[in-house]
Every structure is written in C-alpha cells, then in structure tokens.
Amino acid sequence: MTGKLSRGAKSAIIVGAAVIAAGLAYYFFMKITGLSIPCTIRLMSGLKCPTCGITHMFQDLFKFDLVSAFHDNEFLFCTWPFIGAEILFIVYRGGNNKDLPRWNYVLLFLYIALLLIFGIIRNII
C-alpha cells in the first residue's frame with residue numbers, strides 16, 4: 001500500500017467537501033437573512049413534493065432536534081446517509097473510469113420509486 005489516494009477517491013473527497021461547504025454556507029445565509037429557497041411545486045400546487053421539508057430537516061439536525069427533523073421529512077431523514085454514500089460512490093467510480101455495477105442502477109431506481117410513493121402518500125394522509 002502506497003498511501004496515495006486514487007483519482008476517484010480524491011474526486012469523492014472534493015465533492016463531499018464542496019457539498020458540506022455549500023450546505024453550511026446556505027445554513028448560515030438562512031440564519032442571518034431569514035431567507036430560504038421555497039419549493040416551487042408547493043407554491044404552484046399547494047402539494048408537498050417528495051423533498052419538501054429538507055431545509056427544515058437539516059436546520060433541525062444542526063440543532064440536534066432529531067424528532068423535529070424526522071417529522072420534517074420522514075423518508076429523507078431515514079435515507080440521507082444512503083444518498084450521501086451513493087453520491088460519493090458514483091463520484092469515486094467515475095473518477096476511476098469505472099462503470100456502475102448493475103445492482104447499483106437497480107438500487108437507484110428502487111430508491112426513486114420509493115421516494116415518489118412517499119411523495120404521493122404524504123399528500124393523501
């Protein structure tokens with residue numbers, strides 16, 4: 001083992017750091033100004049999209065209020081670690097010029113299907 005990181009690993013670290021930095025910048029922007037990005041779907045239709053509540057969820061996570069964070073968006077609260085790991089995996093594989101395995105595509109399509117089902121159910125209940 002040489003101790004050197006592969007190009008894919010470096011890319012994954014850079015993307016992960018950039019996402020965290022952008023999230024922190026947005027969080028502090030909201031704290032200072034009180035402004036946030038509204039959900040266009042909710043503004044136009046009055047219905048919650050599958051990702052509605054994600055901003056409040058992360059605000060509550062910063063305050064370590066796990067109960068409120070869960071209630072902001074139950075599905076994403078339970079699956080955001082998977083999303084982060086998946087993004088890093090895709091960047092890592094792409095940085096090493098490797099295709100994603102077939103099981104990964106199946107997993108992503110299953111996740112999207114479950115997210116859409118959640119979006120429908122949350123507006124019915």
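Taken together, the values in this text are just the output of simple stated rules run on the coordinates, not laboratory data. Quantities reported herein were computed from a predicted structural model and do not represent experimental measurements. Glycine gets a Cβ as well: all are built from the backbone with ideal geometry, and neighbour counts include every protein chain shown.
Key figures for this structure:
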read-out	value
Estimated vicinal HN-Hα couplings, Hz - region 108-118 in sequence order (Karplus 6.51, -1.76, 1.60; Gly, Pro = x)	5, 5, 5, 4, 4, 4, 5, 5, 5, 4, 4
Candidate lysines - alpha carbon under 20 Å from Lys10, same-chain residues fewer than 8 apart omitted	Lys98
Alpha-carbon Rg with Dmax, taken over the chain, Å	17.1, 55
Approximate spin-label separation His71-Asn97, in nm, with each point projected 7 Å along Cα-to-Cβ	5.3 nm
Cα-based helix-to-principal-axis angle, 74-95 vs the chain, degrees rounded to 10	30 degrees
Normalised contact order of the chain, rounded percent, pairs of Cα under 8 Å and 6 or more residues apart	35 percent
Packing-based ranking, highest mean first, of 17-23, 74-80, 5-11 given that Cβ atoms within 10 Å are counted	74-80, 5-11, 17-23
Theoretical FRET efficiency, 1/(1+(r/R0)^6), r = Cβ-Cβ of Tyr105 and Leu35, R0 41 Å, to 0.05	0.65
Spin-label zone in region 18-35 - amide nitrogen under 16 Å from a point set 7 Å from the Cα of Phe62 along the C-beta vector	19-35
Computed FRET value (nearest 0.05) for Ile124 with Ala17, which takes r as the C-beta separation and R₀ as 30 Å	0.15
Magnitude of the charge dipole, the chain, Cβ model with Lys/Arg +1 and Asp/Glu -1, debye to 20	420 debye
